[in-house]
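Please read the structure below before turning to the comments.
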């Protein structure tokens, strides 16, 4: 059947995440496989237009990957994109710094483009609500990156949840983070803006939107939060070797109350040294069993196979507790998670369908981050009211 062509405006691809995960490992990988296959056998091919502030870098990326379309003018890109597919729809994608995201998305919606964006979708809850309302009014397909749900480990955990393995879920414990070098004697492995609040940095605004959708889609929606956000490392060095004051939080410790009475405790830190198997791990405990999931692996222990340790500080334990858990098998070949969601979004655009992870989900992510920061400031529990954009 005839191929459909989708113009894709990609704004912010000169950044690490926009380039590696969204351009190279998603859009270009989809192009190389011949596009996205739809349920009726048609294929949708993607034609990207690279947009950014640095002309030299855009020219370099376009030349490296054999792409013809790039510009520093967003309005120009929004005009061109719908003409690429000869009447087919066009998509705007945003991977910019958060401060620049909201006005760019509004411009894309005004131009009639479908919108797919990194999170958080705006700097504030009010801004994200405005975007959700504008997207609904525009009548376009809109989506927010929910990449963690496509990780092999969490895909396996979802399978365990769906099987009813846990019985009644009691609690969730999450550990995320690693040591990000300060930048003085070893270069930092994250950009310096992450540690400046005035530039939209901070582990709460970065990671709490992730925890919002992970918990909501696997266990239950967050109803309240008690959190403490801190800046453990007060000074860092930027990409040019200049010392600067870290004004954003680099760690946060949260208790999250989920629907159904489930309690989640999640630590997020860029100032922690790893003593676990993966950079992020979630343990889910239920009456009938427990599971531990990371980026790639997932292990379970059911009720019948739960050991019976006894507290005795005078005798070393004979249990090898990690050996008493079973691996959840792959049972499939896992593709890149970012690419999988890109394919799902493209199918929804082609079918004129709503995307499962839309701007309303993005609003809830912003809401949890704002509530976490408010809780830390006020030293209080903050309930999350339902928002209906």
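Worth pointing out:
- Within the stretch 351-384, tally of residues that are under 21 Å from residue 136 (Cα atoms) and either at pLDDT 95 or above or buried (at least 21 other Cβ atoms within 10 Å of the Cβ) (or both): 15
- Unique residue being surrounded by fewer than 18 Cβ atoms within 10 Å (Cβ to Cβ) and under 30 Å from residue 113 (Cβ atoms) when the list is 143, 201, 164, 139: 139
- Flag if residue 13 is closer than 18 Å to residue 345 by Cα and in the same structural domain as residue 141 (by TED's automatic domain parsing): no
- Within the stretch 312-333, being under 14 Å from residue 301 (Cα atoms) and surrounded by 10 or more Cβ atoms within 10 Å (Cβ to Cβ) holds for 321, 324, 325, 326, 327, 328.
- Residue 159 vs. criteria modelled with pLDDT of 95 or more, farther than 22 Å from residue 337 by Cβ and outside any loop (DSSP other than H, G, I, E, B): no
- Residue check for residue 141: out of contact with any strand residue (DSSP E or B) (no Cβ under 7 Å at 6 or more places or on another chain) and either under 28 Å from residue 352 (Cα atoms) or touching a residue at least 24 places away in the same chain (Cβ under 8 Å) (or both): no
- Any chance residue 3 is surrounded by fewer than 14 Cβ atoms within 10 Å (Cβ to Cβ) and within 15 Å of residue 347 (Cβ to Cβ): yes
- Criterion (more than 19 Å from residue 124 (Cα to Cα) and within 27 Å of the chain's Cα centre (by Cα)) met by exactly one of 318, 380, 376, 361: 380
- Filtered residue count, the stretch 30-55, keeping only those that are out of contact with any strand residue (DSSP E or B) (no Cβ under 6 Å at 6 or more places or on another chain) and buried (at least 17 other Cβ atoms within 10 Å of the Cβ): 1
- Scanning the stretch 162-190 for residues that are touching a residue at least 12 places away in the same chain (Cβ under 8 Å) and either assigned to a helix (DSSP H, G or I) or closer than 16 Å to residue 288 by Cα (or both) yields 165, 166, 167, 168, 169, 170, 171, 172.
- Qualifying residue in the stretch 107-127 (condition: closer than 16 Å to residue 22 by Cα and surrounded by fewer than 17 Cβ atoms within 10 Å (Cβ to Cβ)): no
- When the test is whether a residue is under 19 Å from the mean Cα position of the chain (by Cα) and outside any helix (DSSP H, G or I), residue 100 does not pass it.
- Residue 132, sole failed condition from (1) surrounded by 20 or more Cβ atoms within 10 Å (Cβ to Cβ); (2) outside any helix (DSSP H, G or I): (2)
- When 16, 69 are checked against the criterion of being exposed (fewer than 14 other Cβ atoms within 10 Å of the Cβ), closer than 27 Å to residue 131 by Cβ and either touching a residue at least 60 places away in the same chain (Cβ under 8 Å) or in contact with a strand residue (DSSP E or B) (Cβ under 8 Å, 6 or more places away or on another chain) (or both), 16 stands alone in meeting it.
Here is a yes/no grid of residues against (1) in contact with a strand residue (DSSP E or B) (Cβ under 7 Å, 6 or more places away or on another chain); (2) modelled with pLDDT under 95; (3) within 30 Å of residue 79 (Cβ to Cβ):
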position	(1), (2), (3)
110	no, no, yes
133	no, no, yes
137	no, no, yes
168	yes, no, no
175	yes, no, no
191	no, yes, no
200	no, yes, yes
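- Leading residue by the ranking (nearest to residue 70 (Cα to Cα)) among those in the stretch 32-52 that are in contact (Cβ under 8 Å) with a residue 60 or more places away in the chain and outside any loop (DSSP other than H, G, I, E, B): 46
- Checking the stretch 256-273 against the condition returns a match, with at least one residue being within 21 Å of residue 198 (Cβ to Cβ), buried (at least 22 other Cβ atoms within 10 Å of the Cβ), under 20 Å from the mean Cα position of the chain (by Cα) and in the same structural domain as residue 374 (by TED's automatic domain parsing).
The values are calculated or read from the model by the stated rules, or taken from the named source; none is laboratory data. Note that the coordinates shown come from a computational prediction; the quantities given were computed from them, not determined experimentally. Please note: Cβ atoms are built from the backbone with ideal geometry, for glycine as well, and neighbour counts cover all protein chains shown.
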